[in-house]
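There's a structure below that I have some questions on.
The values are calculated or read from the model by the stated rules, or taken from the named source; none is laboratory data. Note that the structure is a prediction, hence the values are computed from the model and not measured. Ideal geometry is used to build each Cβ from the backbone, glycine not excepted, and the neighbour counts take in all protein chains shown.
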Amino acid sequence: MSDMNSSTGPSSDSDYLLLAIETSCDETSVALVRNGREVLSNIISSQIETHKKFGGVVPEIASRKHVESITIIIEQALREAGVSLPDIDAVAVTQGPGLIGALLVGVVAAKSLSLALDVPLIGTHHIAGHIYANHLVGDIIYPAIALVVSGGHTEIVLLEEEGKFRIIGRTRDDAVGEAYDKVARALHFPYPGGPYVDKLAQEATEEVVLPRAWLEPDSYDFSFSGLKSAVLSEINRSRMKGESPDFSALARGFQQSVIDVVTTKAIRAAKEFGVRQMLLCGGVAANRGLRDRLSSLCEEAGLPLLIPTNKLCTDNAAMIAAAADLKYRRGQFSSLDLKAEPILSLEDWSV
């Protein structure tokens, strides 16, 4: 974690404007957010078409694309928000985790703006951003449980109070998004494959029942590598019999296994820790099957559920501003020797 310079935050009756930058993977995003909640602009430039031909993100290409896009996206975000650089009160940026080369582009841009405008710099945790994307659509009630499901992360996070993160469960191998992409390739879908698998699973009339990796009885951790292997085994078994694999039934079986495990563990955690709200976040939070199942379980448990809009589920800078607001209001600012950290601890980043 970088050294933080503390100073007085904003007065309670004054408006403030944060410019946030997100470049952790393959989206270049810049947002202008007033008072931590009012999104004036949230521009996202995706590199999906660039990486699709490779079947996944190529880090060196991602970094190069960020360099090409960052200035243009900053200008576009300012224009859409109807503000100018002197209006900005602080600059927030994803410090980590993420691809080191991609992170560096955003960090350098943010430090340059902070220095040129003489405003505070706030290094921000990417997963804190995903969690606090929920704060852009509703009030977070503490204590809360956040189920984080994205391309690189699958975690259950306990928020005992505002800005205090405690990871109680995480994946031991593939993240949910990675598992979806690997299964999608086996089913001959293009990258990113998650939405295709979700759609096929929703349309399926049959299901190939696949194993659930519950791990130890009291564990909140996850494991999806075995599930991915089970899908491949079913495909190979069908072909050895001279049959065509039922891709829709496999997609449904895969999705049902994932959803069953992550939602069951999230609800169990909510009950054990006596939380007052469930938060769903991360790119895979846009998955319709997951949303529907968690909504149903939370309703049965009498537990309020918050889910960001689909645009706020994917990597975006508005969520980085929402998380950075935690630090801004407390006057917890980063120094200009801030470094990009591809493995950055969420718990250490807590306010």
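Condition first: within 30 Å of F54 (Cα to Cα) and either modelled with pLDDT under 90 or not assigned by TED's automatic domain parsing to the domain that holds K327 (or both). Can you find one or more residues in the range 162-170 that meet it?
yes
Let me ask you something else. Could you say which residue among S219, S229 is touching a Gly at 6+ places or on another chain (Cβ under 8 Å), over 20 Å from R288 (Cβ atoms) and of a type in the set (S, T, N, Q)? Steps first, answer last, please.
Details: S229 fails: touching a Gly at 6+ places or on another chain (Cβ under 8 Å).
Step by step, each of S219, S229 is checked, and only S219 is touching a Gly at 6+ places or on another chain (Cβ under 8 Å), over 20 Å from R288 (Cβ atoms) and of a type in the set (S, T, N, Q).
List the helices (runs of 4 or more DSSP H) inside the range 251-351, counting only whole elements, that have at least 1 residues being of a type outside the set (D, E), in contact with a Leu (Cβ under 7 Å, 6 or more places away or on another chain) and crowded, with 21+ Cβ neighbours inside 10 Å.
Those helices (runs of 4 or more DSSP H) span 288-301, 310-313, 317-328.
Please give the number of the condition S114 fails out of (1) crowded, with 16+ Cβ neighbours inside 10 Å; (2) touching a helix residue (DSSP H, G or I) at 6+ places or on another chain (Cβ under 9 Å); (3) at pLDDT 95 or above; (4) not in a loop (DSSP other than H, G, I, E, B).
Evaluating S114 over (1) crowded, with 16+ Cβ neighbours inside 10 Å; (2) touching a helix residue (DSSP H, G or I) at 6+ places or on another chain (Cβ under 9 Å); (3) at pLDDT 95 or above; (4) not in a loop (DSSP other than H, G, I, E, B) leaves (2) as the failure.
Return the total of residues in the range 301-345 being under 12 Å from the mean Cα position of the chain (by Cα) and without any contact (Cβ under 8 Å) to a residue 24 or more places away in the chain.
Of the residues in the range 301-345, 0 are under 12 Å from the mean Cα position of the chain (by Cα) and without any contact (Cβ under 8 Å) to a residue 24 or more places away in the chain.
To keep it simple, each residue is scored yes or no on (1) crowded, with 23+ Cβ neighbours inside 10 Å; (2) modelled with pLDDT of 90 or more; (3) not basic (K, R).
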residue	(1), (2), (3)
V148	yes, yes, yes
T154	yes, yes, yes
E178	no, no, yes
L200	no, yes, yes
D218	no, yes, yes
S233	no, yes, yes
R237	no, yes, no
K241	no, yes, no
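Being in contact with a Leu (Cβ under 7 Å, 6 or more places away or on another chain), in a helix (DSSP H, G or I), β-branched (V, I, T) and surrounded by 18 or more Cβ atoms within 10 Å (Cβ to Cβ), is that true of even one residue in the range 22-33?
Scanning the range 22-33 turns up no residue that is in contact with a Leu (Cβ under 7 Å, 6 or more places away or on another chain), in a helix (DSSP H, G or I), β-branched (V, I, T) and surrounded by 18 or more Cβ atoms within 10 Å (Cβ to Cβ).
Residues V83, V57: which one is in a loop (DSSP other than H, G, I, E, B), under 24 Å from the mean Cα position of the chain (by Cα) and crowded, with 17+ Cβ neighbours inside 10 Å?
Working: V83 fails: under 24 Å from the mean Cα position of the chain (by Cα).
Result of the check over V83, V57: V57.
Which residue, of D139, D173, D181, is outside any helix (DSSP H, G or I), touching a residue at least 24 places away in the same chain (Cβ under 8 Å), acidic (D, E) and out of contact with any Leu (no Cβ under 6 Å at 6 or more places or on another chain)?
D173
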